[in-house]
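Down below is the structure, laid out as structure tokens.
The values are calculated or read from the model by the stated rules, or taken from the named source; none is laboratory data. A quick note: this is a predicted structure, and the numbers were derived from the prediction, not measured. We place every Cβ from the backbone using ideal geometry, glycine too, and count neighbours over all the protein chains shown. The area values use the complete protein model at the heavy-atom level, side chains included, leaving out ligands, DNA and RNA. Shrake-Rupley method; radii C 1.70, N 1.55, O 1.52, S 1.80 Å.
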Amino acid sequence: MPAPNSSIPSAEPIDLVTAMSRARVAPGRAPAASGRAPTLRAYKPSVSETEFKKRFPSPYRVQAVTIYEAARQGWATDRSYWQFLAPFQYVSPKWGSIDIPKDFYTDFASVPPMLHSIIDDDSPIILFPSAPHDFLFTKRESDGTRGWLPNGRQLSLTEVNRVLTEAMSSCGANLFTRELVFNAVELANEGIRDEFAP
């Protein structure tokens, strides 16, 4: 995540996966023009700003967790963690409101390095959607189960992963990228499937 007030280069919006397929360039293999690193273009929003704010109505306020705090919590120190400074919300057209409380900790998207050429951990198409996904992965202290909505309904692992891809569609992710992410999270979490609804 860039520092506040940093100057970030911008370009006209483009769908990265489509552009790479049209150019017949494999992901992560874009040729560098004049010896410099290739310039990545911005993602194009897939919904209007009004519609986006219906899905993500709350301000996005997080603070980085230091490596020392992560170690104190017993978390892996090979990634970044973030703490929500205010409540955050995703309103799913299918499952309703998913409310992330103030002080909730997340590592956002845990994208494997081999997929970074397609989608990075802090990509705009996965950053916001990762919050409700991580929240639904939180274990309930009472019974160690996961996937609980505020209305008391428990989702299956597949449904929780569809919350992620549904939210990604509002953030500009195309079908190929959403399905790639869906299959990756299904496979990566197969061992905890029984902690969700059947």
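Amide H contacts of Leu155: Trp148, Leu149, Ala197, each under 5 Å away and 5 or more positions distant or on a separate chain (H built 1.01 Å from N in the peptide plane; Pro and chain starts excluded).
Got a number for carbon plus sulfur as a percent of the stretch 114-156's accessible area, 1.4 Å probe?
Numbers: 1080 of 2010 Å².
The C+S portion of the solvent-accessible surface of the stretch 114-156 is 54 percent.
Each residue, Thr158 and Val47, gets one label point 7 Å from its Cα in the Cβ direction; the gap between the two is 2.4 nm. Just flag the trypsin sites (Lys or Arg not before Pro) in the stretch 99-146 sitting in loop per DSSP whose Cβ has no more than 16 other Cβ atoms within 10 Å. Here the trypsin sites (Lys or Arg not before Pro) that fit, given the DSSP loop and packing criteria, are Lys102, Lys139, Arg140. Working note: Cα gyration tensor of the stretch 77-166, eigenvalues times five, square-rooted, sorted largest first, giving semi-axes of 21, 15, 13 Å. The label-point distance for Leu85 and Ser110, in a model that sets each label 7 Å from Cα toward Cβ, rounds to 2.6 nm.
The residues of the stretch 96-163 expose on average 44 square angstrom of accessible surface per residue, using a 1.4 Å probe on protein heavy atoms.
Assuming 0.36 nm per residue, please report the length gained on full extension of the stretch Phe182 to Asp78 beyond their Cα-Cα distance.
On the way: separation 104, 0.36 × 104 = 37.44 nm, distance 2.29 nm.
So the chain would gain 35.2 nm between Phe182 and Asp78.
Sequence-ordered 3J(HN,Hα) estimates for the stretch 178-187 from the Karplus curve with 6.51, -1.76 and 1.60 and θ = phi - 60° stand at 4, 5, 4, 5, 4, 5, 5, 6, 4, 5 Hz, glycine and proline given as x.
Label sites at Asp120 and Lys94, each approximated as a point 7 angstrom past Cα along Cα to Cβ, lie 2.9 nm apart.
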